[in-house]
Amino acid sequence: MSITEERKIPKWKIDEVAELEEKIKNSSTVMIADIQGFPTDKLHEIRKKLRGKAEIKVTKNTLFLIAAKRAGIDVSKIENYITGSNAFIFSNDNPFAISIFLSKFKLKRYPMPGDKADEEVVIPAGDTGMTAGPILSTFGKLKVQTKVQDGKVHVVKDTVIAKPGDPIPPEAAPILQKLGIMPVYVKLKLKAAYHEGLVIPVSELEINLDQYSSMVAEASRNSLALGVEIAYPVPEVLKLTIGKAHMRALALAGESGFLTPDTANSVLSRAVAKAYALVSALGGKVDLGVEVPKQQTVQQEKKEEKKEEEEKKGPSDEDVGGGLSSLFG
């Protein structure tokens with residue numbers, strides 16, 4: 001055979017590339033995930049969770065890059081992420097939605113040497129099902145109080161052997177496996193997403209929903225306040241703007257002494273307050289034959305001052321809260 005003769009490519013590789021190319025073309029989102037050391041059974045669980053939303057496929061990096069190039073992707077944008085062992089997620093959903101979905105459910109596994117606990121590790125009280133023997137010394141090292149009953153090891157009381165963040169004692173592994181306790185969380189490590197020509201690294205895929213919710217709420221409050229200030233003509237804003245204008249109109253009418261059924265109380269209250277103030281000022285100089293209740297005068301003046309301040313402030317927090325409720329249903 002001539003050294004220049006092309007090496008025959010196995011049919012399975014040709015079929016694999018063709019399948020990958022088709023998946024890439026039919027997906028608006030392709031995500032790359034690191035599966036180095038990731039348990040195969042847990043990957044199968046994720047496949048089931050994503051059913052109907054996305055498809056996961058594990059393949060050789062070289063075959064994926066060939067398929068991506070044939071599908072029209074500029075592989076220079078993604079080849080830095082195609083190293084090590086990877087799984088590829090194909091979907092027509094938004095990549096952020098897929099990332100959030102993956103972060104919501106927790107997969108667990110048994111501990112391995114060097115693992116730290118992701119949750120409190122408790123050896124529960126009761127029959128362990130383990131035969132008394134050398135295992136008793138292991139329980140002793142873990143400071144778990146036990147007793148032997150009918151040849152079986154019984155734990156006397158619930159015992160915490162590791163708190164979240166603590167290293168899990170290596171000797172605890174066989175006991176935890178026997179008891180079915182999985183204190184270590186497993187999360188698929190995303191590397192990046194390719195979405196409609198844009199490469200999104202994992203640092204930008206991970207979204208703090210609480211922070212974004214707070215930012216949106218703050219933006220809404222600020223926009224509503226601005227809308228009220230400039231009297232922007234939309235129903236949600238006008239409800240507050242008209243109320244504010246009404247209060248200012250009443251304040252102006254009361255100050256100018258303009259009498260209407262709505263302003264009569266304010267005008268007369270102001271007149272009475274001013275009359276009492278005048279009588280107080282003249283007290284001791286001219287005998288008007290009028291006794292002024294000092295406390296009433298002070299309270300009336302304070303009431304008028306407070307009303308004027310509220311009218312100048314505009315809508316209250318309750319008003320703005322009500323406006324937000326109408327904006328967001």
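The values are calculated or read from the model by the stated rules, or taken from the named source; none is laboratory data. Keep in mind that what you see is a predicted model, and the values were worked out from it rather than measured. So basically every Cβ, Gly included, is an ideal-geometry build from the backbone, and we count neighbours across all protein chains shown. Just the protein is used for accessible areas: all its heavy atoms, side chains included, with ligands, DNA and RNA removed. Shrake-Rupley method; radii C 1.70, N 1.55, O 1.52, S 1.80 Å.
Please specify each residue of the range 200-211 satisfying the condition of being open to solvent by 40 Å² or more (accessible area, probe 1.4 Å) and in contact with a Lys or Arg (Cβ under 8 Å, 6 or more places away or on another chain). Steps first, answer last, please.
Pass one, the range 200-211, residues open to solvent by 40 Å² or more (accessible area, probe 1.4 Å): 202-204, 206-211.
Listed by number, the list holds a single entry, VAL202.
Among the candidates GLY140, GLY180, GLY151, which residue alone is more than 41 Å from the chain's Cα centre (by Cα), open to solvent by less than 60 Å² (accessible area, probe 1.4 Å) and at positive phi? Don't jump to the end; show me each part of the working.
Details: GLY140 fails: at positive phi; GLY180 fails: more than 41 Å from the chain's Cα centre (by Cα).
Criteria check complete, one pass: GLY151.
Pick out the one residue from GLU22, GLU16 that is in contact (Cβ under 8 Å) with a residue 12 or more places away in the chain and farther than 19 Å from LEU190 by Cα. Steps first, answer last, please.
Working: GLU22 fails: in contact (Cβ under 8 Å) with a residue 12 or more places away in the chain.
Within the list GLU22, GLU16, the selection yields GLU16.
Within the group ALA117, ALA97, ALA162, which residue is under 37 Å from the mean Cα position of the chain (by Cα) and in the same structural domain as PHE38 (by the TED database)?
On the way: ALA117 fails: in the same structural domain as PHE38 (by the TED database); ALA162 fails: in the same structural domain as PHE38 (by the TED database).
Just one listed residue meets the conditions, ALA97.
Please enumerate the residues belonging to the range 66-98 that are of a type in the set (S, T, N, Q) and closer than 19 Å to GLN36 by Cβ. Working first, answer last.
Step one: filter the range 66-98 for residues of a type in the set (S, T, N, Q), giving 76, 80, 83, 85-86, 91-92, 94.
The answer is ASN80, THR83, SER85, ASN86.
Can you pull out the residues in the range 37-51 that are loosely packed, with under 13 Cβ neighbours inside 10 Å and farther than 17 Å from PRO111 by Cα?
Looking only at the range 37-51, we keep the residues that are loosely packed, with under 13 Cβ neighbours inside 10 Å, and these are 37, 40-41, 44, 48, 51.
Scanning the range 37-51 gives HIS44, LYS48, ARG51.
Pairs needed: first member in the range 212-230, in a helix (DSSP H, G or I); second member anywhere, open to solvent by 70 Å² or more (accessible area, probe 1.4 Å); C-beta distance under 8 Å; at least 6 residues apart or different chains.
So the pair list comes out as SER220/LEU327; SER220/PHE328; LEU224/LEU327; LEU226/TYR232.
Residues that are modelled with pLDDT of 75 or more: find the helices (runs of 4 or more DSSP H) completely inside the range 235-329 holding 3 or more of those.
235-256, 264-282
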